[in-house]
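Note sheet for the following structure.
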Amino acid sequence: MGRTSRIPGFYKLTPEERLRRVAEFANLTPEEQELLRRFGALDEATANRMIENVVGVFQLPLGIAVNFLINGRDYLIPMAIEEPSVVAAASNAAKMTREGGGVYTQSTESLMIGQIQLVGVKDPYGARLEVLRNKDEILRIANEQDPVLVKLGGGAKDLEARVIESRLGPMLIVHLIVDVKDAMGANAVNTMAEAVAPRLASITGGRFRLRIISNLADRRLVRAWTRIPVEAVGGREVAEGIVEAWAFADADPYRAATHNKGIMNGIDAVVIATGNDWRAVEAGAHAYACRFGAYKPLSTWELDEKGNLVGSLELPLAVGIVGGATRTNPLAKISLKILGVRSARELAEVIGAVGLVQNLAALRALASEGIQAGHMSLHAKNIAVMAGAVGDEIDQVAERMVREKRVRVDRAKEILEELRRGRARR
C-alpha cells in the first residue's frame, strides 16, 4: 500500500506522535526531525493549544529597527521577517525622517464591522427600513453578548443596512458597527453578528446566511505623515525621483502593487512580531487601495512650496494588544513590551508610521542606487551558506560575488573551492 494522507485521529495524537507519522510519510531524516522538535520560546504545549495538528514551530528572524521618532516619542520597532535589508532600510529611513521632526500619526476609533447576510427577503428596501427602525433592540441583543467590552466603553455602537444586487438577486446586508477597544475584535464581532441574526431574519422575513467580521476595516483607519528636508534623503534630485516613482504607482496598478508591497514589508513585520493577524491587515489594506474602483498606492509623496519632501499614508489597521496570540505567544508579549504601546490605537499608529518609513526606504533606493544594492549583500551571504561556506568564508564569498555582480550558488561554490585550495597550499 502506498503513502496516504488519510490519517484518522491525527488530531488526537501528541505532537511527537504526529511528527513520527509525518517523518514516515515524507522520509524525514533524524536531523530534520530534531529541527522540528526545537520549539524554543513558544513551547510545545502552548503551540499545541494555538492551532491544530502541531508538529513544530516555524521561526522567523526577529530584528529591531532603530531611529524611529513617532509623535515626538522614540520607539524601538520589533520586526519579524525573512527578507534581507528590510530592517536596515527602515532604520536608515527613520533616521532621515528625524530631520523633519519624525513621523506624525492619527487614528480613528477601533470600530469594526460585523456583516449579517439576509437572503429571500421579499421587499428588501422596505425590510431595510424595518431593520433601522428596530436598531435599539438589535444593538441591545448584540451588547448582551459581551458585557465586559461594554463596561470598558466598547460594544455595538451603530447599525447600518443596505441592499446589494448579486447574481442571485437582491440581498439585504446589515452592518453592526462595534467598538472593540484594545482587541483586534474578530471574536467579539462574530459573536454579536451571530446573536442578532435570528432577530434580523424575523424582522425582515428572510433567512440569514453569513454572520462574520469584515476585514475592510474602513472605520478603523491610521494616517501617518512626515515632512523631510530634501538634503536628508540625498538632495533635490533624489527627492524628485521619489515623487516620480510615486506618480508611476499612482498611474499604473502593476507598479502600485509592488509599491504597496514595500509598505506592507514594514507593516506585516511588526504585525507578525506582535502576534496580530497579518492576513486580515493585508486584506484590508489591498481592498482599501482599490476603494475608488482602481488599485492605487496607499501612500502619497510630493514636494511642498519650500521644497521639502512630504509623505503621507492612510489605510485600515485592525490590530490588538489583548486576546489571541498577542497574549499567548511569549515573544509577541515581549515585542509589545519593547514597543511600550499602551493601547491598540497606539500600536496601529506605530505600525502605520513603520509602513510609511519602509515605503520611503524603498522609493529612495529605487530613485538612487536601485533596490538590489541593499538586498544583494545579505542575499549573497545566504547564497554563500547554501554553497557550504562556514565562518569567515561566508563574508569572503559574499563580498566577492557582490563585487563581481554574480550572486549565484554555482559561483559561490567556485569561489569557496578557490579559497579552500589557497588555504591548503599555505
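Brief remarks on what is shown
- Counting the residues of region 334-350 that are under 25 Å from Phe58 (Cβ atoms) and either more than 17 Å from the chain's Cα centre (by Cα) or not in a helix (DSSP H, G or I) (or both) gives 3.
Residues are listed down the side, and each one gets a yes or a no for (1) assigned to a helix (DSSP H, G or I); (2) of a type in the set (S, T, N, Q); (3) surrounded by 10 or more Cβ atoms within 10 Å (Cβ to Cβ):
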site	(1), (2), (3)
Arg3	no, no, no
Ile7	no, no, yes
Tyr11	yes, no, yes
Glu17	yes, no, yes
Ala23	yes, no, yes
Leu35	yes, no, yes
Ala41	no, no, yes
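- Hits in region 61-85 - residues which are under 20 Å from Arg364 (Cβ atoms) and modelled with pLDDT under 95: Glu83, Pro84, Ser85
- Scanning region 120-163 for residues being part of a strand (DSSP E or B) and in contact (Cβ under 8 Å) with a residue 60 or more places away in the chain gives a total of 0.
- Search result, residues across region 282-302 that are aromatic (Phe, Trp, Tyr) and either touching a strand residue (DSSP E or B) at 6+ places or on another chain (Cβ under 6 Å) or at pLDDT below 95 (or both): Tyr288, Trp301
- Any hit, region 122-131, residues being on the phi < 0 side of the Ramachandran plot, among the hydroxyl-bearing types (Ser, Thr, Tyr) and not assigned by TED's automatic domain parsing to the domain that holds Val271: yes
- Only one of the numbered conditions (1) part of a helix (DSSP H, G or I); (2) over 28 Å from Phe68 (Cα atoms) is violated by Val390, and that is (1).
- Gly320 surrounded by 15 or more Cβ atoms within 10 Å (Cβ to Cβ), in contact (Cβ under 8 Å) with a residue 60 or more places away in the chain and assigned to a loop (DSSP other than H, G, I, E, B): yes
- Filtering Lys306, Lys337 for residues that are surrounded by fewer than 16 Cβ atoms within 10 Å (Cβ to Cβ) and more than 30 Å from Phe39 (Cβ to Cβ) leaves a single hit, Lys306.
- Evaluation of Val87 against the conditions (1) more than 18 Å from the chain's Cα centre (by Cα); (2) crowded, with 19+ Cβ neighbours inside 10 Å shows that the sole unmet condition is (1).
- Unique match (being in contact (Cβ under 8 Å) with a residue 60 or more places away in the chain and under 13 Å from Arg220 (Cβ atoms)) among Ala285, Ala348: Ala348
The values are calculated or read from the model by the stated rules, or taken from the named source; none is laboratory data. The model shown is predicted, which means the values in this text are computed figures rather than measured ones. Counting neighbours? That spans all protein chains shown, and the Cβs are built from the backbone with ideal geometry, glycine included.
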